[in-house]
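Beneath this line is the structure, given in C-alpha cells, with notes to follow.
Derivation of every value follows stated rules applied to the coordinates shown; laboratory data play no part. The structure presented is a predicted model; accordingly, all values stated were derived computationally and were not measured. All Cβ positions, glycine included, derive from the backbone under ideal geometry; neighbour counts span all protein chains shown.
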Amino acid sequence: MDEVGSFPPGKKIAVVFVIGGPGSGKGTQCSMIVKQFGFTHLSAGDLLREEAKSDTEQGTMIKNLMREGKLVPSELIVKLLLKAMLQSGNDKFLVDGFPRNEENRQAYESIIKIEPDFVLFIDCPKEELERRILNRNQGRDDDNIDTIRRRFEVFQESTLPVVQYYEKRRKLRRVDGAKSADAVFKDVKAIFTQLNTQNEASATASPHSRPTTAAAGNPSPSSPASSCVLL
Ligand SMILES: Nc1ncnc2c1ncn2[C@@H]1O[C@H](COP(=O)(O)OP(=O)(O)OP(=O)(O)O)[C@@H](O)[C@H]1O
Ligand SMILES: Nc1ccn([C@H]2C[C@H](O)[C@@H](COP(=O)(O)O)O2)c(=O)n1
C-alpha cells in the first residue's frame, strides 16, 4: 500500500479501542456510542472484508486468512485504519476489533502513534458468543462453528495478553457483555460520559495545556478483568 499520510502535529485526536471476543457485541455497542457521542466507528473486520473483495493477491490473502479465523498482517490493517481515519475528517475514533495481538498494538504504536484514551473491553462467556454468532445471519464466511472456535482460540491466545497489557497500565474499562445490549450500553455510556466530563474539565482549567496525541481522559479503571474468558 502507498504512503497514506498522517495527522497534523499537535492536533488532538481521541482514540478508543474496542475489544472483546467474536460476537461479544463490539459492533452493536459502537453503533450506539456513535449516535450518542459523535465518534467515527472504524471496524477492523469491516475494513478487511471490504479489502478482501478486491480481485488482487492481497484481497485473496485476506479472504483466505479470515475464512480460517486467522489474523492478517498488522501493517496492512494499521494502514487501512490510518487511511480511514484521515478520510473521515473526524477527530474521535472508535477502533473496533483492534488491537487483536501484540503485533497489532506495536504496529499501531509505530505507524499511527496516537495513544488510546482507553480500551473498552466487552467481556462475554464463550457459550454466549457461539450462540450469538450462530444466530447472526449476516452471511459471513467465518460465522460457522469451526471458524468461530478458531477465532475464539485466537482471541484467548493473542488478544487476552493485549487486554492484560492495558489493564496493567490502567487503561482498561471492562463491561459485562453477557447482559442485554441496552444494559451493556448503560455501562458503556457511563464510561464515555466520564471521558467527556474529564476532557471538558481539563479544557476549562487550562485551555492551552490539553494533551495533543497523548491520553486525554482517564476514566476510573475497570474492575479487575476477571471474567470467565480471562482465566
Ligand atoms: N448484549 C447482547 N445480547 C444479545 N445479543 C447481542 C448483544 N450484543 C450483540 N448481540 C447480537 O449478537 C450478534 C453479534 O454482535 P456484534 O456483531 O455486535 O458482535 P461483534 O463483537 O462485533 O462480532 P465480531 O467480532 O464477530 O464482528 C449480533 O447478532 C447482535 O445483534
Ligand atoms: N485487527 C484485526 C481485526 C480483524 N481481523 C480479521 C480476523 C477476524 O477473524 C476477522 C473478522 O473480524 P471481526 O469482524 O470479528 O472483528 O478479521 C484481523 O486479522 N485483524
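Projecting the Cα atoms of PHE152, PRO9, ALA203 onto the charge dipole of the chain (Cβ charges, centred on the Cα centre) puts ALA203 farthest toward the positive pole. When only the Cβ of Lys, Arg, Asp and Glu is charged (+1, +1, -1, -1), the dipole of region 14-188 relative to its Cα centre reaches about 360 debye. Ranked by the mean number of other Cβ atoms within 10 Å per residue, highest first, peptides 175-187, 155-167 order as 155-167, 175-187.
May I ask which of LYS11/LYS79; LYS26/LYS186; LYS92/LYS113; LYS26/LYS171; LYS35/LYS168; LYS53/LYS126 have a Cα-Cα span longer than 21 Å here? Among LYS11/LYS79; LYS26/LYS186; LYS92/LYS113; LYS26/LYS171; LYS35/LYS168; LYS53/LYS126, the Cα-Cα distance tops 21 Å for LYS35/LYS168; LYS53/LYS126. Taking a ≥ b ≥ c as the square roots of the eigenvalues of the alpha carbon gyration tensor, region 27-168 is rounded, as a/c is under 1.5. Amide H to amide H distances under 5 Å link PHE7 with no residue, where only residues 5 or more positions off or on other chains count and H is placed in the peptide plane. Across the chain, C-alpha contacts under 8 Å between residues 6 or more apart give a mean separation that, scaled by the residue count, equals a relative contact order of 30 percent. Compared with the alpha-carbon gap, the fully stretched path from GLN198 to ARG140 is longer by 17.0 nm at 0.36 nm per residue.
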